[in-house]
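What follows draws every value from the coordinates through simple rules; no lab data is involved. Just so we're clear, the structure is a prediction, and the values are computed from it rather than from any experiment. Quick reminder, even Gly has a Cβ in these numbers, built from the backbone with ideal geometry, and neighbours come from all protein chains shown.
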Amino acid sequence: MRKFVEKIVPLFSWMCGIVLLVAIAGVLGYLFLKGYRSLGLKLIFGTTPPLDAFLMRRPVFNGLFPAIVGTFSLVFLAICWAIPVGMAAGIYLAEYAQGKTKQILDLFFDVMAGLPSVVVGLFGFSVTVFLNRNLSGRIYPCLFISSIALAFLVLPYIIRTTQIALEGLPGSLRMTALALGASRLQNIVRVLLPQSLSGIISGVILAIGRCAEDTAVIMLTGVVASAGVPRSLLSPYEALPFYIYYISSQYVDQEELATGYGAAIILLFICLVLFGLAFLIKKRVNLYSLYRA
Amino acid sequence: MIRINEKTIEKFFFLSAFFSALVTCSIFAFLFVLGLPLFSGGRFFSIITQPWAPHLGHFGIYPMIAGTLAVSLLTMVVAFPLSLGCAILISVVDRGKMSWLLRKTVEMMTGVPTVIYGFVGIFLLVPLVREIFEAGSGMCVLSAVLMLTLLVSPTMILFFCDSFERVPRSYGDAVLAVGGTEIQKFLYVTLPHSWTGIVIGFTLSLGRALGDTLVALMIAGNAVQVPGSLFDSARTLTSHIALVFAADYNSMEFKAIFACGIFLYLFTTILVCAVRLVGGRRKMAG
Amino acid sequence: MKTKLSVVICIAAMALSLCAAAFAGDLDAFKSEKGEIKIAGGTAHIPVMKEAAARIMGLNPHIQISIAGGGSGVGIKQVGEGLVDIGNSGRKAKDEEVSKYGLKMFKWAIDGVGIVVNPANSVRSLTQEQLMAVFAGKISNWKELGGEDRGINLYTRDESSGTRAVFWKKALSKGDIASSANFVVSNGAMKGAISQDPYGIGYVSVGHIDESVAPVAFNGVAPSLENVKDGKYTISRGLYSNTKGEPAGLVKKFIDYLFTDEGQELVARKGFVPVK
């Protein structure tokens, strides 16, 4: 029996490895084969001259430009909200919190990290409805609401990576500046943060990737099928992942479906570059930050 | 002057942490308050046992709970052995080119957007499942399970590899010293010592399979029924939220999705607590 | 140098005025406007809405029009709650909805709800009785209807769909829809799903029927534009755009545009029956 297990385990592991490689090669290969023909300026700008699109002189109708701009503004906003709060909370957790407080906060952030994104989206949506009814009828699902909800989604990752990067620093480093008379805050800002920068940055990049690919949150909080380039924080917008989802079921003709494949390749490219960067900056990316619900 | 500044900044640190924790609570509070009408007056029981048939006045989410459990548990049935096998290949069986290739591929896979799996699922996997098994439309539990497997496996594999590598070298060297093979060392020393890591990896991946929206929404078919076979169409709690969230805010339909939200919140919270019980945060934070 | 620049400007101006000329006429009303219109709801309306929006935004980039789906129920609800400016519906708003929100309905097209199958399927005609049995799950194999020996895959829409409401009332006489039916989120998605599944059956706005799906005659009458127009095809309905109270400003101009010659021509071109 033991001999048999010892024989079968390597065989089994080779099988698993090959199955996984074949499966993912199949998925990505299929996507690429079907989609590479649609890649090009026309995919992004349609029939509008690119310069006109950038200067917003003329809207783009049959291209991905509005969706790409939507995704970039969304990610930018969400990260802007999430970074200060997330890093501050991470610093607090690593350097100030102690005992019970720390345990309880820890638990909260674990729970938050585990929440399915559709639940966060539902929260964003119901807060919007609540505000619309009780505060002002001018509040609708929009870019602003989506970015806040997305910030909530990635907040725990940023908190965690900051905390772990700080806690991973050797004790001697922690003591040196203090011994030389630096205050606690000076020590954090001047010594500890710079030392743990690579960990924090890789966490932030992963969070950016999360924002760019998430569909469930934005679906509930303001993304629409057609809106043009967003003019303000309070307008509905388009986004790449939602566009892919939308096209997958509602394409009108083969040409439109081809733009769906093109959009999928572009999104895949953006996300892979981001993840590659994160892995490059920090060789061993903290596994916990890869976990997403 | 500097002192005051410092105090303010430190206060900001604290407030940020407090605010973030508050968000976690308020998400639950919102779901609970909005879903409250469903839980009062003995309706709770009917919510989890009734079928979903709004025109008949039934707003039960029982089929969706069943759908979620079926899809996520079956995903783990496929993904767990697959991930374990891959992890063994990477860190034990092969230490050469294949190990490198597989590890790099797996790391890359963690970056593939969910919606891509759904998209390729519709156009590649669904027709395949329909024609190979000649049962149903191909929009079914099986399709969703296969795509979700690709989604959750990479993280699980990296977790497993990590926990194998954490077992101190000296433990295994003893086996090698008495003439044992690498496989023997792995089976009798490394594996028993890394079970906490394996349990944590499994649990977190289960949480992810439970919480994923797009794959099931796009390729599981969304029929409101308890799936009876792999080829039946099913609707998960997450897809249900995505499908009916825009309903009339005063209607029972709209309130019922908060019940879905609460269930998802509870499921994932239980899993997180289980992880903490098993390993404590230290181990999984790594 | 200066002359070169002015030549470029001249050409650009000419190009622009040419574009403008191509869209002139009924769109003139939008020239001096500025602002935003939010549209949501009925998914049968989307092709017309998108094209109208493209024309208006192409003429005047200061106007932004966003279009979301969701279904008729969502359209009525969201316009009533003030979340959008125009809520589309593929059914008449119910009396209590009209009185509760003070809705104004504008019916700008007539549409049918057609039964569709995959073009590879040989079944092209069903009686109401057969259709009801199919959707109730009592007939579950195409063989029983003269097709291949394969199971029937049902596709349906969710409760907020006006298309579903009309189909359920007029084609199924409010009969059961089996719980094994797959759900899709819009008319476009229904068409996509049926064109992908050789053994599927579903129902879709007649305006959306094209060569990717095959229409099925209902009680011997094909769901064509002509049959809808002269009333022979009975599963028909109006397409409405609803506003909360009397529309004003840009929203009014948008709705008025749908009723102009150009708007109605657009309606016809997208496969619906114009009301004028």
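Relative contact order, percent, of chain A when contacts are C-alpha pairs under 8 Å separated by at least 6 residues? Before the final figure, lay out each step's value.
On the way: 370 pairs, mean separation 77.5, N = 293.
Relative contact order here is 26 percent.
Put one equal scatterer on each alpha carbon of the range C:112-236, apply the Debye formula with no solvent term, and list log10 I(q)/I(0) at q = 0.18 1/Å to two decimals.
Evaluating at q = 0.18 Å⁻¹ gives log10 I(q)/I(0) of -0.88.
Within the set A:LYS7/B:LYS185; C:LYS38/C:LYS253; C:LYS38/C:LYS270; B:LYS255/C:LYS77; C:LYS38/C:LYS244; C:LYS77/C:LYS100, which residue pairs have Cα atoms separated by over 18 Å?
In this structure, C:LYS38/C:LYS270 lie more than 18 Å apart at Cα.
For the range C:24-80 and the range A:134-196, what is the centre-to-centre distance using only Cα atoms, to the nearest Å?
When both Cα centres are located, 42 Å separates them.
Ranked by Cβ crowding within 10 angstrom, fewest neighbours first, how are C:ASP95, C:ASP85, B:ASP232, B:ASP212 ordered?
C:ASP95, B:ASP232, C:ASP85, B:ASP212
Treat the count of other C-beta atoms within 10 Å as a stand-in for reagent exposure and order C:GLU211, B:GLU253 from fewest to most.
Neighbour counts put them in this order, fewest first: C:GLU211, B:GLU253.
Just tell me, in residue order, which DSSP H segments of chain A are both 18 angstrom or longer along the helix axis (alpha-carbon based) and at least -0.5 in mean Kyte-Doolittle hydropathy.
The answer, listed by residue number, is A:2-35, A:65-91, A:99-114, A:117-134, A:143-167, A:197-213, A:254-281.
At what distance in angstrom do the alpha carbon centres of the range B:244-280 and the range A:36-88 lie from each other?
With the range B:244-280 and the range A:36-88 each reduced to a Cα centre, they are spaced 33 Å.
Going by a ≥ b ≥ c, the root eigenvalues of the Cα gyration tensor, does chain B fall in the rounded group (a/c under 1.5), the prolate group (a/b larger than b/c) or the oblate group?
Because a/c hits 1.5 or more and a/b fails to exceed b/c, chain B counts as oblate.
Mind giving me the FRET efficiency for A:GLN254 and A:SER136? R0 is 45 Å, r the Cβ-Cβ distance, nearest 0.05 is fine.
For R0 = 45 Å, the calculated efficiency reads 0.50.
Within the set of other residues whose C-beta is less than 13 Å from the C-beta of A:THR48, count the net charge using Lys and Arg as +1 and Asp and Glu as -1.
Neighbourhood net charge equals +2.
Please report Rg (one decimal) and Dmax (integer) in Å for the Cα set of the protein assembly as shown.
Final numbers for Rg and Dmax: 28.4, 93 Å.
Excluding same-chain residues fewer than 8 positions from C:LYS34, which aspartates and glutamates have a Cα within less than 18 Å of its Cα?
List returned: C:ASP26, C:ASP85, C:ASP256.
Among C:LYS252, C:LYS229, C:LYS170, which one shows the biggest mean-square fluctuation in a GNM of chain C, springs joining Cα atoms closer than 10 Å?
In this elastic network of chain C, the residue with the biggest mean-square fluctuation among C:LYS252, C:LYS229, C:LYS170 is C:LYS252.
Where q = 0.13, 0.23 Å⁻¹, what log10 of I(q)/I(0) comes from the Debye formula for the range B:166-286, counting one point per Cα?
With no solvent term, the Cα-only Debye profile gives -0.71, -1.21.
I want to verify a result. In a Gaussian network model of chain A, Cα cutoff 10 Å, which of these has the top mean-square fluctuation: A:ALA23, A:ALA97, A:ALA263?
Comparing A:ALA23, A:ALA97, A:ALA263 in a Gaussian network model of chain A, the most mobile one is A:ALA23.
Could you work out the local net charge near A:SER146, counting Lys and Arg as +1, Asp and Glu as -1, over the other residues with Cβ closer than 13 Å to its Cβ? It would help to have the intermediate numbers written out before the result.
Numbers: positive: none; negative: A:ASP214, A:GLU238.
The answer is -2.
Helix by helix through chain B, keep the DSSP H runs that span 30 Å or more along the axis on Cα and average at least -1.0 on Kyte-Doolittle, and give those back in order.
Sorted by number, the helices that extend far enough and score high enough are B:2-39, B:62-88, B:141-166, B:252-285.
Mean-square fluctuation check for chain C, GNM, Cα pairs under 10 Å: which of C:GLY75, C:GLY112, C:GLY231 is largest?
So, out of C:GLY75, C:GLY112, C:GLY231, the one fluctuating most is C:GLY231.
Taking square-rooted eigenvalues a ≥ b ≥ c of the alpha carbon gyration tensor, is chain A rounded, prolate or oblate, where a/c under 1.5 means rounded and, failing that, a/b exceeding b/c means prolate?
It is oblate, given that a/c is not under 1.5 and a/b is not larger than b/c.
List the lysines whose Cα lies under 22 Å from the Cα of C:LYS170, skipping any in the same chain that are fewer than 8 positions away.
Within the straight-line limit of under 22 Å, C:LYS170 reaches these lysines: C:LYS92, C:LYS94, C:LYS107, C:LYS138, C:LYS191, C:LYS229, C:LYS232.
Provide the net charge surrounding B:LEU101, with neighbours chosen by a C-beta distance below 15 Å and charges set as Lys +1, Arg +1, Asp -1, Glu -1.
+2
With an 8 Å Cα cut-off and a minimum separation of 6 or more residues, compute the relative contact order for the range C:112-236 in percent.
Rounded, it is 42 percent for the range C:112-236.
Given a cut-off of under 8 Å on Cα pairs at least six residues apart, what relative contact order in percent is computed for the range B:63-285?
It rounds to 29 percent for the range B:63-285.
Fewest Cβ neighbours within 10 Å first, please rank A:SER136, C:SER205, B:SER72 accordingly.
A:SER136, B:SER72, C:SER205
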